[in-house]
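One structure is given here, and the rest of the page talks about it.
The values are calculated or read from the model by the stated rules, or taken from the named source; none is laboratory data. A quick note: this is a predicted structure, and the numbers were derived from the prediction, not measured. We place every Cβ from the backbone using ideal geometry, glycine too, and count neighbours over all the protein chains shown.
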Amino acid sequence: MPTKVTNSSGQSSGTEAAAAGALAVSVKDLSKTYNTRRGPVEAVRRSSFDVRRGEFVALVGPSGCGKSTILKIAAGLIPFNEGTVMVGGEDARSGRRDVGIMFQAPVLLPWRTVLDNVLLPMEIFGLTSSEAKDRAHELLNTVGLRGFDDKYPWELSGGMQQRASLARVLVYEPGILLMDEPFSALDEFTREHLNVELAKIHETYGRSVLYVTHNIQEAVFLADRVVVMKPHPGEVLDVVDTNLPRPRSLDVLLEEETTRLVTGIRRKLYTHELKRGRHGD
Ligand code: ADP
């Protein structure tokens, strides 16, 4: 059931409803505090940003700035304290099927072949069919695993396992992808090649993507817009339009404009850190 869109006075607004429809993800004034045995930990403070439909947005910032927390909230996996988080026009807490989630670890089942791992979500949703099998096979080709259908996860490198995970998340054709540092455990070269594949998939299928990373270059390379966050507590510092050309090939990594954007984001983060050090807050 779509959640009714209301304005600040609590009344439905046609304009806001239309705007919400154009947004894949909308995070507004989000605050989240974890209650731990040592006391409260303020992970995210009054943070707002959007992912428009078909857009690739990267959430970047140093470790502990609340990126994973925001992604888990958008995925409906953990509760939050204040604000609104809408995914595909519905409250993030409603638990949607139109969202694909990918984490850092591939989590493939070792006793299933690569193809059967990719088909797992279809089985869970009761959607197995010969078309689904054909699609899974096609996706394995798309992510660069042609000929690996009958292999087992332990026969694959880390990069190949993440390729299989990517095929698995795409198999049920979710409109929105939530990705939490999916390639961060891989070596730099494998990561860069997987980034090119992911950009190609995004450009081909037009999925909306919210992508968490602590790697500024990766964020700039992949995204249309980069949401820059700072830690303690996690807050949005800036939102940067990349405006880099598509398709994104490895050439884009070498362009001056990419370096300029990466340096600009790094400068923003370091300037904030230095100011914080001076004022001690
Ligand atoms: P990031 O993904 O940017 O590294 P996280 O969202 O993982 O940041 O963490 C943000 C803050 O919340 C950190 O201070 C972290 O220690 C804290 N945190 C994250 N998960 C939990 C949890 N389950 N319980 C308590 N504190 C947590």
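Conditions (1) touching a His at 6+ places or on another chain (Cβ under 8 Å); (2) within 27 Å of A223 (Cβ to Cβ), marked per residue:
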residue	(1), (2)
N35	no, no
A43	no, yes
F56	yes, yes
I70	no, yes
D91	no, yes
G100	no, yes
F125	no, no
T128	no, no
A136	no, no
*From the set of residues in region 117-129 that are in a helix (DSSP H, G or I) and of a type outside the set (D, E), which is surrounded by the most Cβ atoms within 10 Å (Cβ to Cβ)?*
V118
*Restricting attention to region 47-77, report how many residues are more than 20 Å from E90 (Cα to Cα) and either away from the ligand (no atom under 13 Å from the Cβ) or of a type in the set (A, V, I, L, M, F, W, C) (or both).*
4
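Can you list the strands (runs of 3 or more DSSP E) found entirely within region 202-254 that contain at least 3 residues being more than 17 Å from the chain's Cα centre (by Cα)? Even if it seems obvious, please write down each step before you answer.
Values: elements: 208-213, 225-230, 235-241.
Qualifying strands (runs of 3 or more DSSP E): 235-241.
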*For T258, all conditions in the list (1) at pLDDT 95 or above; (2) within 16 Å of the ligand (Cβ to nearest atom) hold save one; what is the number of the exception?*
(2)
*Can you find a residue in region 99-111 that is farther than 19 Å from L186 by Cβ, at pLDDT below 95 and not in a loop (DSSP other than H, G, I, E, B)?*
yes
*What number of residues within region 25-54 satisfy the criterion of being among the basic types (K, R), surrounded by 14 or more Cβ atoms within 10 Å (Cβ to Cβ) and not in a strand (DSSP E or B)?*
1
*Exactly one of (1) at pLDDT 95 or above; (2) outside the structural domain of A92 (by TED's automatic domain parsing) is unmet by D238. Its number?*
(2)
*Inside region 78-92, can you point out the residues that are in a loop (DSSP other than H, G, I, E, B) and within 16 Å of the ligand (Cβ to nearest atom)?*
I78, P79, F80, N81
*What single numbered condition from (1) among the hydroxyl-bearing types (S, T, Y); (2) under 20 Å from A223 (Cβ atoms); (3) without any contact (Cβ under 8 Å) to a residue 40 or more places away in the chain fails to hold for S184?*
(3)
_Is it the case, given these coordinates, that T271 is out of contact with any Gly (no Cβ under 8 Å at 6 or more places or on another chain), at pLDDT below 95, assigned to a helix (DSSP H, G or I) and of a type in the set (S, T, N, Q)?_
yes
*Spot the failing condition for E218; the list is (1) buried (at least 20 other Cβ atoms within 10 Å of the Cβ); (2) free of Cβ contacts under 8 Å to residues at least 40 places away in the same chain, and only one is missed.*
(2)
*Please go through region 130-158 and pick out each residue that is surrounded by 15 or more Cβ atoms within 10 Å (Cβ to Cβ), at pLDDT 90 or above and hydroxyl-bearing (S, T, Y).*
Y152
*Among (1) crowded, with 16+ Cβ neighbours inside 10 Å; (2) more than 16 Å from the ligand (Cβ to nearest atom); (3) not in a strand (DSSP E or B) - the single one G277 does not satisfy*: (1)
*For region 169-199, name all the residues that are polar (S, T, N, Q) and crowded, with 19+ Cβ neighbours inside 10 Å.*
N195
*Return a yes/no flag: does region 84-102 have any residue that is surrounded by fewer than 20 Cβ atoms within 10 Å (Cβ to Cβ), among the hydrophobic types (A, V, I, L, M, F, W, C) and out of contact with any helix residue (DSSP H, G or I) (no Cβ under 8 Å at 6 or more places or on another chain).*
no
*List every residue pair whose Cβ atoms lie under 8 Å apart, where the two residues are 6 or more positions apart in sequence or sit on different chains, the first residue falls within region 226-247 and is farther than 22 Å from G66 by Cβ and touching a residue at least 12 places away in the same chain (Cβ under 8 Å), and the second residue, located anywhere, is away from the ligand (no atom under 16 Å from the Cβ) and among the polar types (S, T, N, Q).*
L244/T258
